[in-house]
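The values are calculated or read from the model by the stated rules, or taken from the named source; none is laboratory data. These figures come from a predicted structure and were not determined experimentally. Cβ placement follows ideal geometry from the backbone for every residue including glycine, while neighbour counts extend to all protein chains displayed. The area values use the complete protein model at the heavy-atom level, side chains included, leaving out ligands, DNA and RNA. Shrake-Rupley method; radii C 1.70, N 1.55, O 1.52, S 1.80 Å.
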Amino acid sequence: MADSDIKGDGYNNITFVITEQETGETPQSNGNPVVNLSTEKCVSVSRGRLIKNLIVICFGFLFLFTTFQALANLQSTLNSEEGVGVASQSVIYGSLILSSMFVPSFLIKNLGCKRTVVLAILCYVPFIAANFYPHWGTLIPGGFVLGLGAAPLWSAKCTYLNEISIKYADIAQTAEDTIIVRFFGVFFMFFQSSQIWGNLISYYVLRPENETSFIVNSKDFNSSLCGSNFCNQIESEIFEQPEDWKVHMLIGIYLSTALCGALLTGLFLDPLERENVYYGKRLTGVRLLLATLKHLKNPRQLLLIPLTVYSGLEQAFFLSDYTKAYIACSWGIHRIGFVLICFGVVNAIFSLLSGPLVRLFTRLPIFITGTMANLGVTITLLYWQPNPDQTIILLVLAGVWGLGDAIWQTQINALYGVLFKNDEEAAFSNYRLWESIGFSMAFAYSTYLCIDIKIYILLGFLSVGILGYLIIDIRTMCYYKGTFSIDH
């Protein structure tokens, strides 16, 4: 949101809404626009109430993405027939690009952040249920609906976290940037920990009774076909699918978990008092599209595009290709969840620590750490051939990748908020656009390119992306020293 919107129109004085039944009093408007005055009363917010809402939205996303991320991890292997699994992922992010232009502002304006979050969570349900009977007629429409809901979900979440962060900073008399990074760090700690629980569930549900009989249909199979040499035309010779009843049990557990996330946020998340009024002034549809395109004139936005695209590429590569070409190929489909638990643990820990680390060391060393982590793993994946006797390496690589991913997810998000305080709508729209393009690109070419080519693509975007960030960082330092304008 724009800085003038926060401070100029009275929206810095955020309150939440509670029902009249909780107080037995009649709410008064005092001449100010409020939401549902006939049934709700506005109350002043406290630190405790802000923290409560942070925890509720964190757990709501934890329940939802315990399901979705674990399912996404399995799409390239569990639904590998004709590439329908990765195709559905590409549809999700293509739909998200369209949705991000037209849907978020409309929904939040009319429903508010809380109701938008609940409705958007329910948009994930058709895709989850489609995995009971995965084929083109179920997964593709389900993925499209999910993508439509994903954009308003993340927009409402970002807006909600920004609002409560600003208010908490005002109450605590702390720098806004510090609290924003801290709140986003806490959120992404919960969010990334969903990898732990979702993958733990998939491992225990899908594992065979005799785990030593793992997945190679031909005794002539050569493990050198895995890793960077892996190409999709050989996948039918490698993977043995779990039994149908196990898959159905897994999907049933995931579906119930996602519905719990919607119920939790619906019952316990406080709506912001003026979110409906505030979003009446937000950009929508064609205006947002034009603002998004106009924002591309900002040199800092242009410099951030490669790193933002890389953020989508690296996540998609890990979800689709690392799980298939390295874990499932050498160790079995059922162990995908086991390996990715390591990724989730490290990711969650460093998501939480990223805020304090930025305060201690500034953002530059943190970005360099993320770059070195992903660069080291990517080069290793290019030359290392996995086999069942080296599974500890799979765990270590997943953990280091989790470190890098935690940095990208928390710090790129926060960087957009810090650099573009006066134009957050267009900035975050660009963030969603370019990250989604990264996801869609990776899933679209997933079934056509071999792993080594995909690794070279990753290395190219990472190199250009971190170079762009370094230029921004240098220009910012020069700006504060008075050398030149930060925007030119």
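A few comments on the model shown:
- Placing pseudo-labels 7 Å out from each Cα toward the beta carbon at Arg47 and Glu82 gives an inter-label distance of 5.8 nm.
- For segment 431-444, 3J(HN,Hα) computed residue by residue from phi via the Karplus equation (6.51, -1.76, 1.60; θ = phi - 60°) reads 4, 5, 4, 6, 5, 5, 4, x, 4, 4, 4, 5, 6, 5 Hz, glycine and proline entered as x.
- Taking 0.36 nm per residue of separation and subtracting the Cα-Cα distance, full extension of the segment from Ile392 to Thr174 would add 74.1 nm.
- Gain in span if fully extended, Thr362 to Leu375, counting 0.36 nm per residue against the direct Cα distance: 2.6 nm
- Classified by the C-alpha gyration tensor, segment 333-382 has an oblate form. Its axis ratio a/c, with a ≥ b ≥ c, is 1.5 or above, and a/b does not exceed b/c.
- Accessible area in square angstrom per residue, segment 110-165, 1.4 angstrom probe: 30
- Accessible-area composition of segment 304-403, carbon plus sulfur, in percent [1.4 Å probe]: 77
- Rolling a 1.4 angstrom probe over the protein heavy atoms with all chains in place gives segment 327-463 an accessible area of 33 Å² per residue.
- Amide H within-cut-off set for Leu272, under 5 Å, with H built and near neighbours excluded: Cys113, Lys114
- A simple packing score, the average count of other Cβ atoms within 10 Å per residue, orders the peptides 185-192, 375-382 as 185-192, 375-382, with the highest score first.
- Karplus 3J(HN,Hα) series, Hz, for segment 99-115 with 6.51 cos²θ - 1.76 cosθ + 1.60 (x for Gly, Pro): 4, 5, 7, 10, 8, x, 5, 4, 5, 5, 4, 8, 10, x, 4, 4, 5
- Overall form of segment 352-453 per C-alpha gyration tensor (a/c, 1.5; a/b vs b/c): oblate
- Within the accessible area of segment 162-206 (1.4 Å probe), percent carbon and sulfur: 56
- Its residues counted as N, segment 83-163 yields a C-alpha radius of gyration over 2.2 N^0.38 Å of 1.11.
- Cα gyration tensor, segment 142-196 - rounded (a/c under 1.5), prolate or oblate: oblate
- Distance between the modelled labels on Asp452 and Ala129, one decimal in nanometres: 4.6 nm (7 Å Cα→Cβ projection).
- Comparing Cα centroids, segment 141-184 and segment 447-472 end up 28 angstrom apart.
- Karplus (6.51, -1.76, 1.60) ³J(HN,Hα), θ = phi - 60°, over segment 299-307, in Hz, Gly and Pro reported as x: x, 5, 5, 4, 5, 7, 4, x, 5
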